[in-house]
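Written out below as structure tokens is the structure these notes cover.
The values are calculated or read from the model by the stated rules, or taken from the named source; none is laboratory data. Computed from a prediction, not measured in an experiment: that's the story for all the values here. Virtual Cβ from ideal backbone geometry, glycine too; neighbours counted across all protein chains shown. What goes into the accessible areas is simple: the full protein's heavy atoms, side chains included, and nothing from ligands, DNA or RNA. Shrake-Rupley method; radii C 1.70, N 1.55, O 1.52, S 1.80 Å.
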Amino acid sequence: MSREDMTKLQSERLVKLVKTCYEKSDFYRRKMDEMGVKPEDIKDIKDIVKLPFTTKTDLRDEYPFGLQVVPQSEVVRIHASSGTTGKPVVDTYTKNDVDNWAEGVARVMAAGNVGPGDIVQVSYGYGLFTGGLGAHDGAAKLGACQLPTSAGNTEKQIMLMQDFGSTALACTPSYALRLAEAIHQSDKVSIDNMKLRVGFFGAEPWTEGMRKELQEKLHIEAFDIYGLTEMSGPGVGGECEMHDGTHLWEDMFYPEIINPDTLEPVAPGEFGELVFTSLCKEAMPIIRYRTRDLTRLIYEPCKCGRTAVRMDRILGRSDDMLIIRGVNVFPSQIETVLTEFPAFQPYYFITVDRVSNEDTFDLDVELRLEFFSNDPAKQMPFMKPLYDRIVSLVGIRPNIHILPPGAIARSEGKAKHVLDKRNFKN
């Protein structure tokens, strides 16, 4: 679709969305009235800046169905976030919402040539988490066979992958790495006997170094798939075969980039916080949702021929960013560095504390088996280059602890990389 036609479609859908939200949502009517905005003030997509933002706190305050604008009889599915830090974020879906969601996932999988004859092993968790059913429905829309293994039970996952001939894998990148590691450690299966050729990984940030690791170990082409519960789930966007940014399906999810401090739009191409408006959502539409993801938008044409805007790799989340001794540190920076050094595994764990009013920064890493030694003197040739690289990239000095292979906990879902003990102290 041309940019002109896309803008026209977005404008039509935004006008309809705002009218619906104002008439049927007490929350948005109150928000808009507070800003002095009426539906008739929104004439095209450029007017979106007149509308209020929505935050995760708003969604939790309206738990469970405060933002729903259709009768419960029209809702065919309910999903929710884990809610580990409070009330979960709830999203409800009409039949059209589920169909649009599947369409978004299918667009990403189509870039990996998934279709009839493929067996897509869905190793995202099934249940309230959107990953499992989202990937499942996307594969179904393309006519591929779905293998709903869910997350966990790694040994059985690998057995089925080989015995059933899975050709595509959908899971978190950290779990894909866990599967790859287990395959190479197994004496029962071999990656050379598998038909796996493509993977779709999301639900957590990952780096180019991680892509290289997964592609080499699993003999696949690895695609990034992006999504969030608040919009629908995975399939808000995804990489094409060029692997040069993540296409966002802006006919359904309108993206903006704002300055997270001033809340004003940034100049085109600048980095800032990603904001989404769900242009097609029927059950629980969201206006200008602040994702906290930090990235930029790329409007230059993609070599693949798709005209949908591309999102650069996510630097991190503004609410995941660590401020250590006054310096902004993103966990993904550590992963980027580790994958630059062949001697290290791409596993890490950061512990931040405060001792005598000064922040401490401890970093646990693993050497690969062939490089590991219990003799600290033999570890120094590996530690010093890693230490210097982290200091040059991050700007502060960590206390690095080299651990034996397997010492850092593996994840079967979203990986946990940080423990900030400062949060538990007065």
request  = Among the candidates I298, I286, I350, single out the residue that is of a type in the set (A, V, I, L, M) and farther than 23 Å from M252 by Cα.
outcome  = I350
request  = Give the residue, chosen from G233, G237, G209, G245, that is within 30 Å of D91 (Cα to Cα), over 12 Å from the mean Cα position of the chain (by Cα) and touching a residue at least 12 places away in the same chain (Cβ under 8 Å).
outcome  = G245
ask   = Has segment 284-305 got any residue that is within 26 Å of A407 (Cβ to Cβ), in contact (Cβ under 8 Å) with a residue 24 or more places away in the chain and more than 20 Å from the chain's Cα centre (by Cα)?
value = no
inquiry  = Quick check on segment 254-277: of everything there that is in contact with a strand residue (DSSP E or B) (Cβ under 6 Å, 6 or more places away or on another chain) and touching a residue at least 60 places away in the same chain (Cβ under 8 Å), which residue is farthest from V90 (Cα to Cα)?
reply    = P265
ask   = Can you name the residue in segment 264-283 that is touching an Asp or Glu at 6+ places or on another chain (Cβ under 6 Å) and open to solvent by less than 10 Å² (accessible area, probe 1.4 Å) and, of all such residues, is farthest from T57 (Cα to Cα)?
value = A283
key: Scope segment 38-52; condition part of a helix (DSSP H, G or I), without any contact (Cβ under 8 Å) to a residue 60 or more places away in the chain and loosely packed, with under 14 Cβ neighbours inside 10 Å; matching residues   = E40, D41, K46
ask   = Has segment 2-13 got any residue that is buried (at least 18 other Cβ atoms within 10 Å of the Cβ), touching a helix residue (DSSP H, G or I) at 6+ places or on another chain (Cβ under 7 Å), touching a residue at least 40 places away in the same chain (Cβ under 8 Å) and not hydroxyl-bearing (S, T, Y)?
value = yes
inquiry  = Need the failing condition index for G245 against (1) touching a helix residue (DSSP H, G or I) at 6+ places or on another chain (Cβ under 9 Å); (2) on the phi > 0 side of the Ramachandran plot, just the number.
reply    = (1)
inquiry  = It is to be established whether one or more residues within segment 350-370 are part of a helix (DSSP H, G or I), open to solvent by less than 60 Å² (accessible area, probe 1.4 Å), under 30 Å from P234 (Cα atoms) and modelled with pLDDT of 90 or more.
reply    = no
key: Verdict on G117 being touching a Pro at 6+ places or on another chain (Cβ under 7 Å), open to solvent by 20 Å² or more (accessible area, probe 1.4 Å) and at positive phi   = no
request  = Would you check if there is a residue in segment 199-206 being within 15 Å of D118 (Cα to Cα) and not acidic (D, E)?
outcome  = yes
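This table checks each residue for (1) within 14 Å of G202 (Cα to Cα); (2) free of Cβ contacts under 8 Å to residues at least 24 places away in the same chain; (3) within 22 Å of the chain's Cα centre (by Cα).
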site: T92; (1), (2), (3): no, no, yes
site: V105; (1), (2), (3): yes, no, yes
site: P116; (1), (2), (3): no, no, no
site: I119; (1), (2), (3): no, no, no
site: V122; (1), (2), (3): yes, no, yes
site: Y126; (1), (2), (3): no, no, yes
site: G131; (1), (2), (3): yes, no, yes
site: G152; (1), (2), (3): no, no, yes
ask   = Residues of segment 376-415 being within 29 Å of A182 (Cα to Cα), free of Cβ contacts under 8 Å to residues at least 40 places away in the same chain and among the basic types (K, R), which ones?
value = K378
task = Specify the residue that is farthest from the chain's Cα centre (by Cα); the eligible residues are those in segment 383-399 that are assigned to a helix (DSSP H, G or I) and of a type in the set (A, V, I, L, M, F, W, C).
result = M383
ask   = Which one of G127, G83 is open to solvent by 30 Å² or more (accessible area, probe 1.4 Å), over 23 Å from L279 (Cα atoms) and either outside any loop (DSSP other than H, G, I, E, B) or modelled with pLDDT under 95 (or both)?
value = G127
